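What follows draws every value from the coordinates through simple rules; no lab data is involved. Worth saying up front: this structure is predicted, and the values here are computed from it rather than measured. Note that each Cβ is placed from the backbone with ideal geometry, even for glycine, and that neighbours are counted across all protein chains shown.
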Amino acid sequence: MGATYSSLMKRIVSLLPAATEIAAALGLMDQVVGVSHECDFPYEANQRARVTHCPVHDVGLTSREVDAWVRRMLRESGTIYVIDEALLRKLRPDVILTQKLCDVCAVGYGTVARLAEALPGPPQVVNLEPSSVADIFDNIRRVAEVCGMPERADELIKQLSDRIEAVRRRVNLIRNRRRCLLMEWVDPPFCCGHWGPELVEIAGGHDPLGRKYQPSVQIDWREVLDARPEIVVLALCGYDIHRARRDYELLRSFPKFDSLSAARRGEIYLVDASAYFARPGPRIVDSLEILAGILHPLEFPEFVSRGPEDPRVVRIG
């Protein structure tokens, strides 16, 4: 059996934090030889070679400065990331996990595909491009199949699906569907897209500006005021609660912020979107549970924020 397993082992390079988490949840972390600069979970990911770099990663720019830099780089060069070709060649991957979904989230698929063609093998480039929870589960199946472990996907997806259904059953007993605005960026404002509005819906709410199964887009602040959200969740794409706390102070300066029901009632929440909401892997179900605790704290007390030091979610305001 050992020989059979050894013959199935693939050398995996993951260019996506979500893909790294998927590989780990499938028990494939020992086959991951390289990761992106953003891959930080599970702990073992921090011990792998990092094959990408982003010049503005953790350099302290404001949200507007980050937005302007990203737009300029995509316009001028088509990418915001640098990939270490020499290191990638040295790692000799059999499989490269990447995506076409968003050029802001990871190295562009075209760049990776062209580079892979020049590598020995060449390695198989696997595109993970989810827009929904079902797509995320399909990605889990895809990674498991490519790595020769399809049965592991069935087990993992069942566990995750059972947790989702547990939330659905309890939400079905709740009549009040609260208006919950999930914001992916503050300056300029962006609504949420893809699986974000779906998570809000399953958790028993309604995102009046969300773009279900579609990319998020920049919105006008007037649209937020007109939407009259009862709850605002700052899920800043790629950032944690510390950054969300900084941008909350910025949000408070927007015209008529205090007129929002969410502001008056102190229903502003900060979440670690880097770990959860913006990372379409197994922890997307944790994101759903966090939302259930935000939207219906009496019905889901086990998911409610544990206070200002909770690394998942903090209520503020």
| Whole-Hz couplings from phi, Karplus 6.51/-1.76/1.60, listed for region 161-178; x for Gly and Pro | 5, 4, 5, 5, 5, 5, 5, 4, 4, 6, 5, 4, 8, 9, 8, 6, 9, 6
| query | Relative to the longest principal Cα axis of the chain, at what angle does helix 241-251 sit, 0 to 90 degrees, rounded to 10? | reply | 40
| Across region 220-231, in residue order, what do the Karplus-derived ³J(HN,Hα) couplings come to in whole Hz, using 6.51 cos²θ - 1.76 cosθ + 1.60 with θ = phi - 60° and x for Gly and Pro? | 8, 4, 4, 5, 5, 4, 5, 6, 6, x, 7, 9
| Unit Cα scatterers, Debye sum, region 122-202: log10 I(q)/I(0) for q = 0.15 Å⁻¹ | -0.74
| request: Report the relative contact order of region 166-303, percent, no decimals, based on alpha-carbon pairs under 8 angstrom and at least 6 residues apart. | output: 25
| request: Sequence neighbours fewer than 8 away in the same chain don't count; with that in mind, list the aspartates and glutamates whose C-alpha is under 19 Å from residue 256. | output: 187, 220, 223, 226, 230, 247, 267
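Over the chain, calculate the relative contact order: mean separation of alpha carbon pairs under 8 Å at least 6 apart, over the residue count, as a percent. Walk me through the intermediate numbers first.
Values: 570 pairs, mean separation 43.5, N = 317.
After rounding, I find 14 percent.
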| field | Rg/Rg_ref, the chain, where Rg_ref = 2.2 N^0.38 Å and atoms are Cα | value | 1.02
| note | Net charge near residue 218 (other residues with Cβ under 11 Å of its Cβ; Lys, Arg +1; Asp, Glu -1) is -4
| task | Give, as a single signed number, the net charge of other residues whose beta carbon lies under 10 Å from the beta carbon of residue 204, with Lys and Arg counted +1 and Asp and Glu -1. | result | +3
| note | Percent antiparallel among DSSP beta bridges confined to the chain, rounded to 5, stands at 30
| Among 304, 225, 118, which residue has its Cα positioned farthest towards the positive end of the charge dipole of the chain, with +1 placed on the Cβ of Lys and Arg, -1 on the Cβ of Asp and Glu, and the dipole taken about the Cα centre? | 225
| note | Treating only Lys and Arg (+1) and Asp and Glu (-1) as charged, each at its beta carbon, one finds that the chain has a dipole about its Cα centre, in Debye to the nearest 20, of 340
| Principal-axis tilt of helix 63-76 within the chain, Cα atoms, nearest 10 degrees | 40
| said: Given the DSSP H assignment, sum -39500 (n - 2.57) over each helix run of at least 4 residues in the chain and divide by its residue total; what's the result at 222 nm in deg cm²/dmol, nearest 500? | reply: -11500 deg cm²/dmol
| message | For a Förster distance of 25 Å, can you work out the FRET efficiency between the beta-carbons of residue 256 and residue 176, rounded to the nearest 0.05? | response | 0.50
| message | Need the list of aspartates and glutamates near residue 90 for cross-linking: C-alpha distance under 19 angstrom, and skip anything on the same chain fewer than eight residues off. | response | 30, 117
